[in-house]
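Here's the structure we're looking at; comments come further down.
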Amino acid sequence: MLAVTAVVAFAQWLAGLPLLADVALLAALYTVAADRPRRVAVAGAVILECGAVLAAVRWGASAPVTFASLSGAVVAALVTGLYVRARRAHVASLVERAARLEFERDQQALLAAAAERARISRDMHDVVAHSLAVVVSLANGATAKLGRDPEQSREALESISEIGRQALADTRRLLSVLRAEEAIAERTQQPGIEQIADLVGHADSTGLAATLTVRGDPVPVAVGLALAAYRIVQEAITNTIKHAEGATSAAVELTWTPRCLQITVTDDGHCTRRPADSPGGIGLVGIRERAALYDGTATAGPRQQGGWQVSATIPLTGQDQQ
């Protein structure tokens, strides 16, 4: 349209007929500057400047004044069009950025949901596997001693009932995380380092000589770190009860230093398990992940002197202690 209008205006100039319709050239230049690349708009402005020179020479009473006024109109149309084009591009970039941020927000929500499901899965595995392993071991012991020692069998059955109730409570607490109204209140009621003694007591009640040794001076730690330590010990004891063939003893050691908490769980059973860094085995993988969550490390494998050992080191520096 700008090219056609310029050709018509030039023919008009040749015919010597000045018309107010020449204003259409400015409207066409504005449209080109607003919708086309900058080099095209500049080329159109150069064409109109040439027309301004021709018009000033033929029709202006004072050629410089006429040229200045016409050039001002051309520049105004060009600048206005370029500004509108830049404004549109800015708005489009804002819309694109908002859409991208919205997409990233949705992705973050999906990742957070996946992480929460993985956390619930690990906790469910720890609770159910440990509780069932202890219950099965107690049930076998109670059955074996039912005729010879009824009193000890009764104590084993009572322990089964207590562990079962605790497992049900833990399962309800974990599942309640899926309900937003109860999530915050329930998630604060997590087991910690103080409850490790209960894990050792449960293992000891199954007939396994389990001991707990604490070295150094314990310090208050964050709830999440305490839960990670508890779950690591729980998984290690569960593996001993379920997989350590011929195991007669298990030892849990908590070593406190100013910089870290070292957890060691050993047993004297035969090695029928895989190391924590091998594929498969959600429990041992969970041990490594729980330690890594707090910038710690964890290993699991057979000992040279026989048996199995799970070791984890969790740094205490830089953690939000409470």
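The values are calculated or read from the model by the stated rules, or taken from the named source; none is laboratory data. These numbers were taken from a predicted model, which means no experiment stands behind them. Note: ideal-geometry Cβ built from the backbone for every residue, glycine included; neighbour counts use all protein chains shown.
Considering region 195-237 alone, what residues qualify as being among the acidic types (D, E) and either in a loop (DSSP other than H, G, I, E, B) or not assigned by TED's automatic domain parsing to the domain that holds I287 (or both)?
From region 195-237, those among the acidic types (D, E) are 198, 204, 217, 235; that's our starting set.
Listed by number, the list holds a single entry, D217.
What residue, of A89, A109, is in a helix (DSSP H, G or I), more than 16 Å from L2 (Cα to Cα) and at pLDDT below 75? Don't jump to the end; show me each part of the working.
Working: A89 fails: at pLDDT below 75.
After ruling out the rest, the residue left standing is A109.
Tell me yes or no: at least one residue of region 205-225 is touching a residue at least 12 places away in the same chain (Cβ under 8 Å) and in contact with a His (Cβ under 6 Å, 6 or more places away or on another chain).
Applying the first criterion (touching a residue at least 12 places away in the same chain (Cβ under 8 Å)) to region 205-225 yields 205-225.
So of that shortlist, the ones also in contact with a His (Cβ under 6 Å, 6 or more places away or on another chain) come out as none.
Looking through region 205-225, none of the residues is touching a residue at least 12 places away in the same chain (Cβ under 8 Å) and in contact with a His (Cβ under 6 Å, 6 or more places away or on another chain).
For residues that are assigned to a strand (DSSP E or B) and of a type in the set (S, T, Y), scanning just region 238-261, find the one that is farthest from V214 (Cα to Cα). Before the answer, list the steps.
Of region 238-261, the ones assigned to a strand (DSSP E or B) are 245, 249-256, 260-261.
The next check asks that each one be of a type in the set (S, T, Y); those that pass are 249, 255.
Details: S249: 17, T255: 6 Å.
In this case the residue turns out to be S249.
Criterion first (exposed (fewer than 14 other Cβ atoms within 10 Å of the Cβ) and either modelled with pLDDT of 75 or more or closer than 17 Å to G164 by Cβ (or both)) does R97 satisfy it? Let's see the steps before the verdict.
Numbers: exposed (fewer than 14 other Cβ atoms within 10 Å of the Cβ): yes; either modelled with pLDDT of 75 or more or closer than 17 Å to G164 by Cβ (or both): yes.
Yes: the conditions hold for R97.
State which residue pairs qualify: first residue within 13 Å of L225 (Cα to Cα) and inside region 284-303, second residue in a helix (DSSP H, G or I) and of a type in the set (D, E, K, R) in any location, beta carbons under 6 Å apart, and separation of 6 or more residues or different chains.
Matching pairs, first to second residue: I287/E235; R290/R231.
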